[in-house]
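The values are calculated or read from the model by the stated rules, or taken from the named source; none is laboratory data. Because the structure is predicted, anything quoted here is derived from the model rather than measured. Cβ placement follows ideal geometry from the backbone for every residue including glycine, while neighbour counts extend to all protein chains displayed.
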Amino acid sequence: MRRIFPDCSISLSATRIKSDDHATVENLRLHIDEIAEAAQLFDPPGAVNVFAYACTSGSAIISKEKLEEKLVGRIPGSRLTSPMTAALQAFAILEVNRVSMLSPYTDEVLSFINQSLTDAGISLSSSASFNLESDEETFAISPESIFEAACAIDTEDSEAFFIPCTALRTSIIIDPLEARLCKPVITAHQAMLWNALRLIGHKKPIYGFGKLLTL
């Protein structure tokens, strides 16, 4: 995240939640009990302005309402963002209704991403996946491979290109991919950071990581 947002006037802190390496729907559903536990590790209570649950698939499988209910139940007044929530808000700001999408997910997990898009009125122009279950395998995909795959599956009628999953290393390819495709590119980390910054009132443009962060 610091690659995208080097401004140290705003603190970025992180912790990990217990999560199985295999990203199955069953395992991802278990995140809901881990999120509030992890949030309580930050001291003093109330010191964190916005919590970011950095899992696109988990945030599609577990509803935004359930995530917020669990968090606020432990830490009243908390605000939460996630890659899926942030991406949908990004599409709204950009007035995007049709996207091409490249993901690492299995068909089972991907169905929840697709449903989240459908529920938000977003249709898919094209979609492809690396079809991986292991986070380790996803981390191993090179940015160059992501770039090439995105270029291969994009269609002229899509209004933006969506790359979900925080395990995909996308930050260095966002600008070059936008230049190649001539449309906005929305990625998990980028959208989540954009939304978190807006929630705390930070609206200074960030350049070099796609159109979204300049808005």
Neighbours by Cβ (under 7 Å, 6+ apart or cross-chain): first from segment 103-131, charged (D, E, K, R); second surrounded by fewer than 20 Cβ atoms within 10 Å (Cβ to Cβ): 108/25
Qualifying residue in segment 134-149 (condition: surrounded by fewer than 17 Cβ atoms within 10 Å (Cβ to Cβ), in contact with a His (Cβ under 9 Å, 6 or more places away or on another chain), closer than 22 Å to residue 53 by Cβ and in contact (Cβ under 8 Å) with a residue 24 or more places away in the chain): yes
Selection status of residue 58, under 19 Å from residue 193 (Cβ atoms) and out of contact with any strand residue (DSSP E or B) (no Cβ under 7 Å at 6 or more places or on another chain): yes
Pair list, Cβ < 8 Å and 6+ apart or interchain, from segment 20-38 residues that are in contact (Cβ under 8 Å) with a residue 60 or more places away in the chain to residues that are in a helix (DSSP H, G or I) and small (Gly, Ala, Ser): 23/57; 28/57; 28/58
Members of segment 174-188 that are touching a Leu at 6+ places or on another chain (Cβ under 9 Å), hydrophobic (A, V, I, L, M, F, W, C) and not in a helix (DSSP H, G or I): 185, 186
Check on residue 53, crowded, with 22+ Cβ neighbours inside 10 Å, over 13 Å from the mean Cα position of the chain (by Cα) and of a type in the set (Phe, Trp, Tyr): no
When residues of segment 61-72 are limited to those that are surrounded by fewer than 21 Cβ atoms within 10 Å (Cβ to Cβ) and within 14 Å of residue 195 (Cβ to Cβ), the one nearest to the chain's Cα centre (by Cα): 64
Residue count for segment 112-140, restricted to those that are over 19 Å from residue 91 (Cα atoms) and out of contact with any helix residue (DSSP H, G or I) (no Cβ under 9 Å at 6 or more places or on another chain): 7
Residue in segment 83-93 that is farther than 24 Å from residue 167 by Cβ, touching a residue at least 40 places away in the same chain (Cβ under 8 Å) and not in a loop (DSSP other than H, G, I, E, B) present: yes
Matching residues, segment 189-212, being over 13 Å from residue 89 (Cβ atoms) and either outside any loop (DSSP other than H, G, I, E, B) or touching a Cys at 6+ places or on another chain (Cβ under 8 Å) (or both): 189, 211
Test: residue in segment 78-85 that is within 20 Å of residue 146 (Cβ to Cβ), modelled with pLDDT of 95 or more and surrounded by 14 or more Cβ atoms within 10 Å (Cβ to Cβ): yes
Filter result (hydrophobic (A, V, I, L, M, F, W, C) and either surrounded by 17 or more Cβ atoms within 10 Å (Cβ to Cβ) or part of a loop (DSSP other than H, G, I, E, B) (or both)) within segment 97-128: 99, 101, 102, 109, 110, 112, 113, 117, 120, 122
Members of segment 150-173 that are in a helix (DSSP H, G or I), within 18 Å of the chain's Cα centre (by Cα) and surrounded by fewer than 22 Cβ atoms within 10 Å (Cβ to Cβ): 171, 172
